[in-house]
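Novice: First the structure, then my questions, so here it is.
The values are calculated or read from the model by the stated rules, or taken from the named source; none is laboratory data. Since the model is a prediction, treat every value here as computed from it, not as a measurement. Note that each Cβ is placed from the backbone with ideal geometry, even for glycine, and that neighbours are counted across all protein chains shown. Keep in mind that these areas ignore ligands, DNA and RNA; they rest on the heavy atoms of the full protein, side chains included. Shrake-Rupley method; radii C 1.70, N 1.55, O 1.52, S 1.80 Å.
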Amino acid sequence: MMKKILLIGGSSKLGCSLVDKLKSEEYEIHSTFNTKSRFKKETRVQEYQLNLSSAIGQKNFLKKIKFDFDTIVFLSGILKGKNLKNFNSKEMHENMSVNFISQIALLNLILQKQKKSCLTVFLSSISGRRGSFDPVYASAKGAMIAFIKSMSKWNAPKFRFIGLCPGLIKNTRMYKSFNKSRLKKLLKENPNKEFLNSDDLADIIIDVTKPHWRHANGSIIDINGGIF
């Protein structure tokens, strides 16, 4: 029997890599996008439009899905790349909403209707572990880590949770926003001397959905080549 997976933010660069990998696995794939569909021609991918920060958008999305997922993966995120003094109040709220609050609000609604057991994988960040030049982004990702720890303790074995904390991912929107000198500095800091790529991270995400990873419930896994 095919397992059923839901990707929140599946139209991202990482989401596309993950869908490509999942097509060779025994998965029925469901994916969300905000403004642009990525998988119109993919017969194995069911897509839904979702404005994650909108309560109405979440409500409309939930009307379209059936709550029998084996795995839920949250990939959504935004990075302003500013220090605190350059944030305005609206940007702070947007950042915290997309990177944390809206994700857990949606998960709460899904789990209330979900009857079968499932694993939720959250994509946190190295920033949530060691801090960042952008403290609002780092705070949202740090809050996610605390959320995962709390949920895994009180909701297993029916609902399990794992957090992945990658470093910079090559060729993503975030990667392309950095200038060459900053990329060079970050690469120098990496003991592996290479950036993580979306294909490798997609393989990691798929692997942690396997049954033997059930013992990693509540784990926060660093994937940064040894930087932290």
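Novice: Which one is most open to solvent (accessible area, probe 1.4 Å), of the residues in region 22-59 that are under 16 Å from VAL98 (Cβ atoms) and part of a loop (DSSP other than H, G, I, E, B)?
Specialist: Here the answer is THR35.
Novice: Of all the residues that make up region 115-124, how many are of a type in the set (Ser, Thr, Tyr) and open to solvent by less than 20 Å² (accessible area, probe 1.4 Å)?
Specialist: Residues in region 115-124 being of a type in the set (Ser, Thr, Tyr) and open to solvent by less than 20 Å² (accessible area, probe 1.4 Å): 2 in total.
Novice: Identify, by number, the condition in (1) closer than 16 Å to GLY142 by Cα; (2) within 12 Å of the chain's Cα centre (by Cα) that THR120 doesn't meet.
Specialist: Of everything listed in (1) closer than 16 Å to GLY142 by Cα; (2) within 12 Å of the chain's Cα centre (by Cα), THR120 misses just condition (1).
Novice: Just to be sure I understand the filter: pairs with C-beta atoms under 6 Å, separated by 6 or more residues or on different chains, first member in region 28-55 and closer than 26 Å to MET1 by Cβ, second member open to solvent by 60 Å² or more (accessible area, probe 1.4 Å). Which pairs pass?
Specialist: GLU28/MET2; ILE29/ARG44; HIS30/GLN46; ARG44/LYS23; TYR48/LYS64
Novice: From (1) part of a loop (DSSP other than H, G, I, E, B); (2) modelled with pLDDT of 95 or more; (3) basic (Lys, Arg), pick out the condition that doesn't hold for LYS80.
Specialist: For LYS80, the exception is condition (2).
Novice: If the requirement is being in contact (Cβ under 8 Å) with a residue 40 or more places away in the chain, hydrophobic (A, V, I, L, M, F, W, C) and within 30 Å of PHE178 (Cα to Cα), which of these qualifies: PHE69, PHE74?
Specialist: PHE74
Novice: A further question follows. Taking GLN112, is it of a type in the set (S, T, N, Q), outside any loop (DSSP other than H, G, I, E, B), under 27 Å from LEU201 (Cα atoms) and open to solvent by 40 Å² or more (accessible area, probe 1.4 Å)?
Specialist: So GLN112 fails the test.
Novice: Looking at region 125-184, what helices (runs of 4 or more DSSP H) fall wholly within it and have at least 3 residues that are in contact with a Phe, Trp or Tyr (Cβ under 9 Å, 6 or more places away or on another chain) and surrounded by 14 or more Cβ atoms within 10 Å (Cβ to Cβ)?
Specialist: The helices (runs of 4 or more DSSP H) meeting that bar are 127-130, 135-155.
Novice: Another question, then. Which condition number does GLY225 fail, the rest of (1) assigned to a loop (DSSP other than H, G, I, E, B); (2) open to solvent by 80 Å² or more (accessible area, probe 1.4 Å); (3) not charged (D, E, K, R) being met?
Specialist: Result: GLY225 fails condition (2) only.
Novice: In region 60-77, what count of residues is obtained for those that are in a loop (DSSP other than H, G, I, E, B) and open to solvent by less than 60 Å² (accessible area, probe 1.4 Å)?
Specialist: Total satisfying the criteria: 7.
Novice: Within region 209-218, can one find any residue that is touching a strand residue (DSSP E or B) at 6+ places or on another chain (Cβ under 6 Å), open to solvent by 30 Å² or more (accessible area, probe 1.4 Å), touching a residue at least 60 places away in the same chain (Cβ under 8 Å) and part of a strand (DSSP E or B)?
Specialist: no
Novice: Related question: Which one is surrounded by the fewest Cβ atoms within 10 Å (Cβ to Cβ) among residues in region 188-207 that are acidic (Asp, Glu) and farther than 23 Å from PHE161 by Cα?
Specialist: Residue satisfying both the conditions and the ranking: GLU194.
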